[in-house]
Structure formats: C-alpha cells, structure tokens
Amino acid sequence: MAIVTTVKKACTVNPLKMSQPIGGALAFMGLRGAMPLLHGSQGCTSFGLVLFVRHFKEAIPLQTTAMSEIATVLGGFENVEQAILNIHKRTKPEIIGICSTGVTEIKGDDVEGYIKLVRQRHPELDHLPILYVSTPDYKDAFQDGWAKAVARMVEVLVETPASDAPCDAKRVNVLPGCHLTPGDLDELRTIFEDFGLVPSFLPDLAGSLDGHIPDEFTPTTIGGIGVDEVATMGNASWTIALGEQMRCAAEAMKAKTGVPYRLFQRLCGLGPNDEFIMFLSEISGRAVPVKYRRQRGQLVDAMMDGHFHIGGRKLVIGAEPDLLFDISSMLHEMGAKVAVAVTTTLSPVLEKVAADEVLIGDLEDLETRAKALGGDLLITHSHGRQAAERLEIPFFRMGLPMFDRLGAGHLVSVGYRGTRDLIFSISNLLMADGEIHHKPTPETWRTTQVDVEAV
Amino acid sequence: MSSLSTTIQNVFNEPGCEKNASKSEAERKKGCTKQLQPGGAAGGCAFDGAKIALQPITDVAHLVHGPIACEGNSWDNRGSASSGSMIWRTSFTTDTNENDIIFGGEKRLYKAIKEIIDKYHPPAVFVYQTCVPAMTGDDINAVCKAAAAKFGTPVIPVNAPGFVGPKTLGNKLAGEALLDYVIGTREPEYTTPYDLNIIGEFNLSGELWQVKPLLDELGIRVFSCISGDGKYNEIAASHRARAAMMVCSRAMINVARKMEERYGIPFFEGSFYGIEDSSDSLREIARLLVERGAPEELIGRTEAVIAREEEKAWAAIAAYKPRFKGKRVLLITGGVKSWSVVAALQEAGLELVGTSVKKSTKEDKEKIKELMGQDAHMIEDMTPREMYKMLKDAQADIMLSGGRSQFIALKAAMPWLDINQERHHAYMGYVGMVALVEQIEKALYNPVWEQVRKPAPWDNPAENWQAIAMAQMEAQAAELAADPVRAEEARRAQQICNCKAVDLGTIEDAIRAHGLTSVEGIKEHTSASGGCGACVERVRDTLDAVPYALAAE
C-alpha cells in the first residue's frame, strides 16, 4: 500500500505531465476519418501536433479554432463555426472531435450550445457527428483527457439496442487506456481472434497510428474504428476495459446499452494475463489455445532468466497512473524494489503501487529522490533523458512522448508474449549497463580509508 | 494589456521590415496579426515564437507562467546546442491550476521565481506570459520587477501570450523583451575592434560552430550571439559590439535595427547557408568592422580565408557533381531561408523544381525567381496529393523540407531530407554545405528506395494505391484538357480567398467590370482579402495576370 502525496511547490521543474486536451485529441485519432479540433489558440494545437508527430513519426490530423485575443474575450462561436465549416469543406471528415483548452474554458465558451446553433444554421452538417469534450488544461492530465473523450464517444455515438435485440455472443467491446500502444492493440486483437471473438476497439489507434502506408492521402485519420461500428457496440456480449482510467467509459457503455463489463487494471505480467486469458476462455467457451499455453511457459522461463538482472534493482519510475501501476507491479513481481514512483494525476490504482509513496509531481522530484535513494533503473518517457544522464543509471523509455528513439508505437507490454519481450529488453539494458559501467577491477573490493573509519 | 498592445503596434510598424514597407498604409495599420483561419491554420503561437527566439540563451532559467499545456507538451524539443550551461534545457513552469485562476497566479509566479533562484542560481530568469494568466489578468511585469528587486537577480518578463498572434510576432516580442530589459544593462570586461554581434541565429545542431572557427581564425570575436549558445552577460553587454550580422532576417529584425538606432551598431542581413552566401557574409563582416575602426588588413586576411575555404569546399563538392547530374530537388521550406538554400543546392549542380514561399514576401520570391531562372515553379499551397504527384512524376528525385511534410515523401517512398528546425545535421558555412551535399547523396543513392518501392508480391501493380491516385489525377487532367470550357471553369474556380470564399473567376470579373487596379479595390467589390489577409499576395497576382488575359481576348 502506497501513500499518495502531492508535492507542494510553486514551480514545476521538468514536467512529467502533459495536458488533457491533447489526451482527448489522441483518443479521437483512434476513430476512422476523424479530425480532432482543439478550441483554443493555435499554439495549443501546434504543440500537440509536434509532440505526436515526433512520437509516432506519422502525419497527425489536428486542427485549431485559432482563437485570437479578441475572439477569446468576446467568445468563440464564430471561430468554432468557421472551423467546423472549413474542416467539413476541406477534409470531409466522418467525425469532428472538439476538445476545449484552458483559455476558452476561462471565458466559459458554451461549446455544446455553439454546436447546436451551428447545426441549426447549417443543415448540410446533419450527418456529420460532432463531439465535444470539456478538457481545461489547468485541471487533470493527459490520461484524464483520453478517458473523458472515450466516455463521451460512448455516450454520444453508441446506440441503445432495441430491448428485444439479441446480443452477438462473439462480439466484445474493448476500451483501451492511453497507456497501451498501437502494438499492444495489435497483440490484443490477435489474442481475441484466437478465441474466436470479434473485438471492436474504441478508440483504435492500431488502425490509425501504427505506421502503415495509407491507401489514399487524407488529412483526417487513415484508419481506426468507424462511427458506424461504434454505433453498434451495444450488440456486444461483453465490454472489456483496459486500465482503471477506462472505468467511466465502461460504466457509460453499461448504462447506455446494458452490456456488462470487466475491467483489467493490468495486462503486463503473469498473473494479470492468466486472469485475462481465463476470462476470454470463459466468455468464448473455448479452451485456451495451445499457442497461449506455450507462451505462458516462455514467459515463466523469461521471468526466471530475467530475475537475475531485475531482482533487487531499485526502480525509479515516472508515468501516468495506469502505466505506472502496470509496469512497476510487473517488475516488483520479479524482485525489483519500487524506490521512486512519480505520477501525474490521481487514480484509485496509485495506492496499490508496490512502493512506500507515490508522488504526484515532476521529474525534478523523481531525480532528487532517485539520487537520495540510489535508484538504479529509470523508466519514464523521453523527457527522462536528462535525469538519466545526470543520475548515470540505465534508462528504459516507456510512455508518451518517446521522441528520441524509434518504435514508440510498437513497444508491446501486454499478453504473455509482450511481457516476455519487455523482460528481455529491460534485462538486456541492465546487462549492457553492467558490462560498460560495473566491470570488476582490482580495486572494486579493496578496503578504503572511509570503510576503515566507518568501523 | 495596454502596454502589450502598444508594443505589438510598435513591432508591426517596423521600418526595417521589407514586408511591412511594401504594404499600403491601411494594411500596415492592420499589422501582421493576421486573424488565422479556424480549422485551416497551422503553425505555432506567439508564445512559441518567443520561446524559440530566447530559449537558446543557455545559462538563464526559462519559466513559463501558465497551465501545463504550454510547457509540458513542448519542452526540450529544440535542436539548439550549448557550449556550456545546460540550464536552458531544464523546464520550469508554474503549471497553474484552478486556484490560481480564481485567486490569481501572481503569488505562485513570485514563489516559483524564488524557488528557481534558490535552487539553480541562474544569472537571470526569463518569465513567459501565456494566454490563461493573460486572460485572468496576472501582471507579470509587476511580479518580475518585485522579484528582481527582492532577489537581486534580473527577472525578465516576456509578454507574448499565444493568442496575440503567430510565431513570427512572438520572435519580435522576444526581441523587444531583450531590448527593454537586457541589452545595455551590463558593461563588457573589455572590447576589441573585432567585436561582432550575430542576431537571429539559434545554433541549431551546433551549426554556428561550423562558422565560428573561421571567425576565430580571423580574430573576429563573436561578442554575443542572439540567441544561439547565448550567455546572459554577453547579451546584456552586446550594445558595445562594433558591428552586427542579422541571420534569420525577419525573426529579430527589430533587435538589429533598434541596436543600430540606439547604440550605433551597423548591421547587414546575411546568411551562412551556401558557399557564396558564406563568402559574402564574411566579406561584409570584415567591411563593417573595418569601417568601424578595425585595421584595414582584416579585409585581405578575410579574402585569403575565403579563397582557401571556397577552394576546399568546391573540391569536395566537385566529386559529387557527376552523381547529381540530372537529379532534381523539390524544395519545400517556409520562409526566408528558401533563397539561400536554393543558391546552395545549385552550387552542387542540382536542379531545383520548386520551392514553397508561404512565408516569404514578394521580394523573396523575386530573389528565388532570379536564382532559379524563368522556369521557377513556385509552389504556394501544394496539397499533399500534388506534392506526391510531383515527386512521382519523377520531376523530383528528392524532397527537402521541414518535418511536417516529410510523411508525404516517405509514404511515397521517395528520398527525403530534413532541413528545418528538428534536423539532426548542421548545414552552415563551407563545411556545412559539403555536409548537406553528402547527405543528399546518401539519401538519393540509398538502395533502400528500390526495396521499399517494390510492390507486395500479392499486389496487382495496376491496382495499388499509387497507381489509383495517379490514374485519378491523370483522368481529371485529361478530362480538363479535352474540354476547354470545363478547364476554364476549373481555372476560375480556384479559391483565392479562403475566409470569404472568393474564387479567381469572381475576382477577374470584378477587375474587368470595374477596371480595378488595386487590392483595396478588389476587396471593396468582392470581399477577397477581407478576412485574415493571408491571400493578399495571391490577390495581387490576379491583378498582374488579368491585363494579359484582357489583351488576349
């Protein structure tokens, strides 16, 4: 049981956190033909755009209502209207997802009202879904923006099935948290399909931001789940939510359609995957395929091989709550001590983290504590690179953004196989570090003056 | 806020800016605060521009006052390099929350400044204003003043909240902050007749260091660089330099011009991209310094260095010329760097097929036309599909552009090279030019292109997306070619003004009907250019074109 502490200081140094509007925007990128739109100044969009481009190394659809100072003061109806019309005309999207920002929230722009008015004035937009999520920058974090956007998609886009409509036993809804990569979603799809299940991922970044070559040049998303498919999610037999952040969306689905849900807080590690696989076996009525029996064996073997390197390590981890909980728990189960855990926002999973304390703070807090406690493995997003250099400890990049290495979208941590490979990657990093920095020398074990004095 | 709007007005009225000078009185009044088009805008905000311009100052703490978005989403993503302090890469933000919005964020800002000074002891703290505290009315000037007095460290307010305008405005507002609070506040330890300021150079990928050794060799001291690898005390004392070179022309023109006005430091606009540009710039530096009292012999020594470096560079490049014979480059770059890069590539024997001039002024375009001859294919707002077609038609063998358009080239399996801010290679001066040519050669002749262009074995080549896209576009073109009426319709349907949805035909008709001769006249009759104003150049071009059309009828 960890105590959750919010760091008290006026100045955030080296932020771990990112803002919730771009978390919301990323969720919209998992819809087919989508154009996410931030209602704010153009910089709000530009920073998010650059961030995602550098992370995914893909073209990113993201637009702005380009609020000027005057428009901000007077209210942004005209900007919202123009933005919707322009996007509709130029990019012919299947859906527009609007997220608010700090500056338009302070003014108190009633975007839902704006959308109603825009619809009245422009019947040509009748068939274009336009979603709005309130995501002020000065509250919450990236993960919260994602969660709110997905909950909103469920509330607005999913249709309530007729009371006598039979549900499709094979169909499952999957609501993945933003800590999962397109690679994770691909892996999960394979697992579902191996049980004969037909998953609908909402949102589906694997279809849109997995780096495939598109069939057509389009300024909107080049894949993802279609609005039509989302509408029919009420026919599924189960909803599977991945990460505590998705509880709201799963509840919304249940309220709207009656589809029951099961939430998996983790999908990295042996225990969580045993539970997950058995659940799939149960709902599909199929025995666990041989493939997964073998993969489980491989994971067990990898855990034994890897524990020599991971066991006893003092882990320093900075990540959003669900990723933090998932990865730190897996490493803890292999003998690592969670020495420092820093996160961005509140979540019920934080107190379950296997650390004495979880800080809601920044990378300065992480670095200071890592130095004091002698951490020797750092896991956080790319912004940890300066801290890693100063701490001189091995650094494994996880989370968003990961802009200084390739393959961010394909780093897999879910499933037996994903866990196995993650253990290998982390162990290899630790081994390489040992070979370079911790080779024994004739002096390594010699008694020094300091030791003598200590006695 | 009133002082900010005065500053903005003042910045707009920049006599040193050619773009401003070429505007009508009414346009000038409107300033460059183009109202951007909602749903169709790209690019950073004023805060972004201010941060880009100042963050390369390496030894100060850059504190962003605002919610997490402004700093948390963007920090440590610039390619500038530092020869010393790394504090510029440490990110500081007040990360304002709901309480700060309700009760005001000034206290938090003040405390944040104190925490930074206590923990990091920088020679100065730069405080950046953002939209949210600007809306709630946090007076950062007052907080900075109080903090500076209390803590005995300069605290510089940079008042450029994102919503006041685009990146370029932010560049200039950053310059104003330096002029108001930094430049001239310290005295240098000593001066020499060889002291040179370099203004508007950000030392991306350390490229300043490709040129600095030559200046060192000549005994020319980079007195201060604003702002690449800059140090606070150097910039504070930069008013004692003898001469200045302005590198990225419009980004900080106000700094160069006002330093000339206030401190009598003459400047010239130059570039170190390309061999000839580098030589011209070195010559100009020597000339200005001699004019300001440096010994005459500097000119001779400079010529000797130029001759030696040119010979070395030409010899290195000559080796590539046969490899580049007949190779065509599509150059897409925003802004004024276009023409210097064009010159550089032509030196290497590459043929240019186009360059984007989105941010360039009419004069820039003329420069490009002059450099590229009559065939210059100007690309205003190419769509991704057109860019692809251009590459695919083998009109271009390689695309050089900024990060954003790279995916078009890469998805089209075409060689591509990054020449904008995020690039990893340094391309300045003589060595930089050779490096650029080397990189182009590497990209062009990499065998990977043949591999990735191979269709999947199960694909019917006639049905792949490339073929379909090309066929669609060709069919469209053929249809138009066969039908002059429709071709004319399509020509006239070209949208000129996006905000007011005015097409070319409407404007041409108005010009004919009313004998219009000015952009103002067109605006009066058609509303074109009455929105954001971004299309003024395109509208002006229609004026140029119509008389010929009339004569032809």
Conditions (1) in contact with a Pro (Cβ under 8 Å, 6 or more places away or on another chain); (2) more than 16 Å from A:Met35 (Cβ to Cβ); (3) modelled with pLDDT under 95; number of the one not met by A:Ile222 = (2)
Looking at region B:180-203, is at least one residue closer than 14 Å to B:Ala236 by Cα and part of a helix (DSSP H, G or I)?
-> yes
For the subset of region A:51-79 comprising residues that are free of Cβ contacts under 8 Å to residues at least 12 places away in the same chain and more than 7 Å from chain B (Cβ to nearest Cβ), which member is farthest from B:Gly43 (Cα to Cα)?
-> A:Leu74
Members of region A:58-84 that are of a type in the set (A, V, I, L, M, F, W, C) and within 31 Å of the chain's Cα centre (by Cα) | A:Ala59, A:Ile60, A:Leu62, A:Ala66, A:Met67, A:Val80, A:Ala83, A:Ile84
Region B:493-505, residues that are farther than 15 Å from B:Asp541 by Cβ and surrounded by 13 or more Cβ atoms within 10 Å (Cβ to Cβ) = B:Asn498, B:Cys499, B:Lys500, B:Ala501
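Can you pull out the strands (runs of 3 or more DSSP E) entirely within region B:217-296 that have at least 1 residues that are of a type in the set (Lys, Arg)?
Details: elements: B:221-227, B:243-246, B:267-269.
In region B:217-296, B:221-227 are the strands (runs of 3 or more DSSP E) which contain 1 or more residues that are of a type in the set (Lys, Arg).
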Within the bounds of region B:149-166, is there any residue that is among the polar types (S, T, N, Q), within 14 Å of chain A (Cβ to nearest Cβ) and in contact with a Gly (Cβ under 6 Å, 6 or more places away or on another chain)?
-> no
From the residues in region B:111-126 that are away from every other protein chain (no Cβ under 11 Å) and of a type in the set (A, V, I, L, M, F, W, C), which one is farthest from B:Lys231 (Cα to Cα)?
-> B:Phe126
Tally the residues that are away from chain B (no Cβ under 12 Å) and surrounded by fewer than 19 Cβ atoms within 10 Å (Cβ to Cβ), restricting the search to region A:97-114.
-> 3
Filter pass, B:Leu204 being at pLDDT below 95 and in contact with a Cys (Cβ under 7 Å, 6 or more places away or on another chain) | no
Please go through region B:27-48 and pick out each residue that is modelled with pLDDT of 90 or more and out of contact with any Ser or Thr (no Cβ under 6 Å at 6 or more places or on another chain).
-> B:Ala46, B:Asp48
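Is it true that A:Leu125 is touching a residue at least 60 places away in the same chain (Cβ under 8 Å), among the aliphatic types (A, V, I, L, M) and in contact with a Leu (Cβ under 9 Å, 6 or more places away or on another chain)? Before the answer, list the steps.
Working: touching a residue at least 60 places away in the same chain (Cβ under 8 Å): no; among the aliphatic types (A, V, I, L, M): yes; in contact with a Leu (Cβ under 9 Å, 6 or more places away or on another chain): yes.
Here the answer is no, as A:Leu125 does not meet what is asked.
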Can you find even one residue in region A:80-96 that is within 12 Å of another protein chain (Cβ to nearest Cβ), in contact (Cβ under 8 Å) with a residue 40 or more places away in the chain, more than 15 Å from A:Val133 (Cβ to Cβ) and in contact with a Phe, Trp or Tyr (Cβ under 6 Å, 6 or more places away or on another chain)?
-> no
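Suppose the filter is of a type in the set (Gly, Ala, Ser) and under 26 Å from A:Lys256 (Cα atoms); does A:Ala83 pass it? Give the derivation first.
Details: of a type in the set (Gly, Ala, Ser): yes; under 26 Å from A:Lys256 (Cα atoms): no.
So A:Ala83 fails the test.
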Number of the condition not met by A:Leu202 [criteria: (1) in contact with a strand residue (DSSP E or B) (Cβ under 7 Å, 6 or more places away or on another chain); (2) without any contact (Cβ under 8 Å) to a residue 40 or more places away in the chain] = (2)
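Out of B:Ala456, B:Ala426, report the one residue that is modelled with pLDDT of 80 or more, in a loop (DSSP other than H, G, I, E, B) and within 12 Å of chain A (Cβ to nearest Cβ). Steps first, please.
Working: B:Ala426 fails: within 12 Å of chain A (Cβ to nearest Cβ).
Just one listed residue meets the conditions, B:Ala456.
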Return the total of residues in region A:261-316 being surrounded by fewer than 13 Cβ atoms within 10 Å (Cβ to Cβ) and not in a helix (DSSP H, G or I).
-> 4
May I ask you to list the residues in region B:92-116 that are in contact with an Asp or Glu (Cβ under 6 Å, 6 or more places away or on another chain), crowded, with 24+ Cβ neighbours inside 10 Å and either free of Cβ contacts under 8 Å to residues at least 24 places away in the same chain or small (Gly, Ala, Ser) (or both)?
-> B:Gly105
Filtering region B:123-142 down to residues that are surrounded by fewer than 24 Cβ atoms within 10 Å (Cβ to Cβ) and in contact with a Phe, Trp or Tyr (Cβ under 7 Å, 6 or more places away or on another chain) yields B:Pro123, B:Ala124
Would you pick out the residues in region B:509-553 that are buried (at least 20 other Cβ atoms within 10 Å of the Cβ) and modelled with pLDDT of 75 or more?
-> B:Ala510, B:Ile511, B:Leu516, B:Val519, B:Ile522, B:Lys523, B:Thr526, B:Ala528, B:Ser529, B:Val539, B:Thr542
May I ask you to list the residues in region A:379-420 that are in contact (Cβ under 8 Å) with a residue 12 or more places away in the chain and over 19 Å from the mean Cα position of the chain (by Cα)?
-> A:Arg385, A:Gln386, A:Ala387, A:Arg390, A:Leu391, A:Glu392, A:Ile393, A:Pro394, A:Phe395, A:Tyr416, A:Arg417, A:Arg420
B:Thr153 vs. criteria buried (at least 17 other Cβ atoms within 10 Å of the Cβ), modelled with pLDDT of 95 or more and touching a Lys or Arg at 6+ places or on another chain (Cβ under 7 Å) = no
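The values are calculated or read from the model by the stated rules, or taken from the named source; none is laboratory data. Just so it is clear, the model here is predicted, and its values are computed rather than measured. Glycine also receives a Cβ, built like all others from the backbone with ideal geometry; neighbour counts cover every protein chain displayed.
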